[in-house]
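All remarks here apply to the structure that follows.
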Amino acid sequence: MDIVLIILGSILIIAGIIGCILPVIPGPPLSFAGLLLLHFTSIVNFSTFTLIFTASAALIATILDYVVPAWGTKKAGGTKWGIRGSGIGVIIGLFFAPLGIFIFPFLGALIGELFYHYQIRKNVKDPDKFSKSLVASLGSFLGLIFGIVLKLAVSCFIAFLFIKELIIALF
């Protein structure tokens, strides 16, 4: 049974790291599930602190991944149109991976902001409409990158614990 748990745990660790880049796969929770499977084997026993700490880190990284891009857009002066455009860009970007995952959210936010400034507020005289849209798009993009880096850091840390304890237990 231990071999099955180790194999399934390894698959979840790998899927968790992949999920840090692909937005539809919850990376850190999958990595934590892989660590938990290793804990349930007879050869590895993580401390309660380690399990609570990694579960908390996975949960916080997952929550922040949804909050930070919207926060980045708002801080850069963006609107809900930019946030929605970025979300649509993420979905379209999946079909053009790996670069599409980074390019299309930015383009989606830019298109959303441009739509807002040139269609919704078309009667407002503002010579900086394009630059405001561009800055908001950059805020969304930086938030997306921050979320990916945060998730990767947590999932890689969990993978490190998994591999370290597995090597110690086997050798």
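Every number in this text was worked out from the coordinates using simple rules, so none of it is lab data. These numbers come from a predicted model, not from an experiment. Positions of Cβ are generated from backbone atoms using ideal geometry, with glycine treated the same way; all protein chains shown enter the neighbour counts.
Here is how the numbers come out for the structure above:
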item	result
Ranked list, fewest to most other Cβ atoms within 10 Å of each Cβ, for Asp65, Asp2	Asp2, Asp65
Cα centroid separation - segment 92-158 against segment 22-47, whole Å	31
Neighbourhood net charge (13 Å Cβ-Cβ; Lys/Arg +1, Asp/Glu -1) for Asp126	+3
Radius ratio Rg over Rh of segment 1-116, counting only Cα atoms, Kirkwood formula for Rh	1.14
Compactness index (Cα Rg / 2.2 N^0.38 Å), segment 72-171	1.48
Cα lying deepest toward the dipole's positive end in the chain, options Ile63, Gly147, Gly85, charges on Cβ	Gly85
Choice from Ile83, Ile145, Ile63 with maximal GNM fluctuation in the chain (Cα, 10 Å cutoff)	Ile63
Given the chain, longest segment not containing exposed loop trypsin sites (Lys or Arg not before Pro) (DSSP; at most 16 other Cβ within 10 Å)	1-120
